[in-house]
1. Output the number of residues of the range 9-29 satisfying the condition of being under 51 Å from the mean Cα position of the chain (by Cα), modelled with pLDDT of 80 or more and within 30 Å of LYS93 (Cβ to Cβ).
2. Has the range 288-299 got any residue that is under 22 Å from HIS210 (Cα atoms) and open to solvent by less than 80 Å² (accessible area, probe 1.4 Å)?
3. With respect to the numbered conditions (1) modelled with pLDDT of 75 or more; (2) out of contact with any helix residue (DSSP H, G or I) (no Cβ under 8 Å at 6 or more places or on another chain); (3) open to solvent by 60 Å² or more (accessible area, probe 1.4 Å); (4) more than 21 Å from LYS224 (Cα to Cα), which one is the sole condition not fulfilled by ASN337?
4. Residues to consider are LYS118, LYS64, LYS129, LYS72; find the one that is over 24 Å from the mean Cα position of the chain (by Cα) and among the basic types (Lys, Arg).
5. Kindly state which helices (runs of 4 or more DSSP H) lie completely within the range 68-125 and contain at least 2 residues that are modelled with pLDDT of 95 or more and among the small types (Gly, Ala, Ser).
6. Name the single residue that is least open to solvent (accessible area, probe 1.4 Å) among those in the range 228-276 being among the aromatic types (Phe, Trp, Tyr) and outside any helix (DSSP H, G or I).
7. Any idea which residue in the range 183-206 is farthest from ASN263 (Cα to Cα), counting only those that are of a type in the set (A, V, I, L, M, F, W, C) and surrounded by 24 or more Cβ atoms within 10 Å (Cβ to Cβ)?
Amino acid sequence: MPKGEYIRKTARYNGKQYEAYGTTELEAMTKLADKLAAAKRGTEAIGGSMTVDAWFKQWFVTYKKPKGLTPKSLGMYREKYEKYIKPRIGRLKLKDVKDIHLQKIMNEQAGMSSSHAKKVRIVLQELFKRARQSRLITYDPAELLELPATTTGSHRSLTDEERAAVLEVAKTSRSGLWVLTLLYTGMRPGETAALTWADVDFEHNEIHIHAAKESGSTAIKGPKTAAGIRDIPIHSQLRPRLLAARGKPFSPVFPTGSGGRQNENSLRRMWTGFKRELDIYLGAELYRNQIIQSVVAPDLTPYCLRHTFCTDLQRAGVTLNVAKELMGHSDISTTANIYTHRNQGVLHAGIALLDGSAGKSAGTQYASNS
């Protein structure tokens with residue numbers, strides 16, 4: 001290199017370009033690294049001039065991780081921030097963020113699920129509320145955020161056609177016993193993962209629920225509320241299938257291929273496999289053993305089976321408070337929300353009880369009143 005000439009190196013950090021010169025490449029790179037390190041230290045200094053991204057990292061480590069949240073819950077905060085918040089305001093200084101910036105983020109969630117939009121708002125509100133409480137900013141721009149129009153996802157009951165198909169496919173499917181247990185007991189998938197044969201009491205014809213797989217982890221813990229601990233009578237259609245599969249007392253009722261407990265991924269694979277079999281049974285179009293035209297409803301999930309169990313209780317005339325106990329709901333309003341779904345059969349049965357026509361044919365009733 002001719003005398004007097006220098007090597008120039010550049011890099012960008014947080015949207016700003018940094019450069020350094022040296023008589024050798026190593027010298028230029030060393031100087032540039034020092035500048036970037038200094039810039040990073042300045043960015044991460046606690047204060048209103050730090051970026052939103054730097055504050056999120058500090059906030060997450062200081063206020064969220066120590067709370068003992070499950071990996072799934074912690075992952076929710078990271079996912080909502082990384083995908084929906086950081087790209088919009090991550091480089092802004094904390095003190096420069098206005099409510100309009102955050103409302104625009106919320107407006108971008110329009111048309112998505114209500115649950116998703118509420119979670120994005122939770123992350124924003126917790127993040128900026130703590131910043132204000134720590135006196136890093138003078139006002140909280142997330143305080144009055146409004147939700148956009150969203151879709152409300154709700155679990156539903158099986159249709160008559162779906163129920164018939166589920167019962168038929170369950171006869172031969174490897175996941176059949178699991179699916180029937182969900183349908184005939186209303187158990188949550190996480191509860192089935194914790195179930196052992198010691199919990200299946202054939203003598204008293206009950207399944208004892210006292211544990212569940214913790215959401216987002218492989219840990220088996222007691223239910224979140226006392227209501228989750230319950231005894232469910234074994235349905236007459238389920239009992240012979242359970243007896244045929246009966247294993248050692250403390251082995252899982254629904255083991256993985258290696259004999260261990262189910263986890264989040266293996267439960268998902270069980271359902272995906274069953275749903276594929278169901279799809280084919282219902283007439284899905286195949287090409288080289290791949291489904292190219294699905295006919296099964298995309299909103300069919302394992303929780304639809306639990307929902308169906310609850311609506312079956314309603315159709316059978318089971319009182320709301322008893323249904324609450326069988327479902328393991330801590331709040332009776334949760335059960336009531338399912339019981340109040342419109343059902344013509346239940347409505348007609350109710351009027352039949354009221355007018356004394358229960359058990360009589362419509363023609364007989366009309367004739368006796370004419």
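1. Here the count works out to 10.
2. no
3. Failed condition: (4).
4. LYS129
5. Output list is empty.
6. PHE254
7. By that ranking, first place goes to LEU183.
The values are calculated or read from the model by the stated rules, or taken from the named source; none is laboratory data. A quick note: this is a predicted structure, and the numbers were derived from the prediction, not measured. We place every Cβ from the backbone using ideal geometry, glycine too, and count neighbours over all the protein chains shown. The area values use the complete protein model at the heavy-atom level, side chains included, leaving out ligands, DNA and RNA. Shrake-Rupley method; radii C 1.70, N 1.55, O 1.52, S 1.80 Å.
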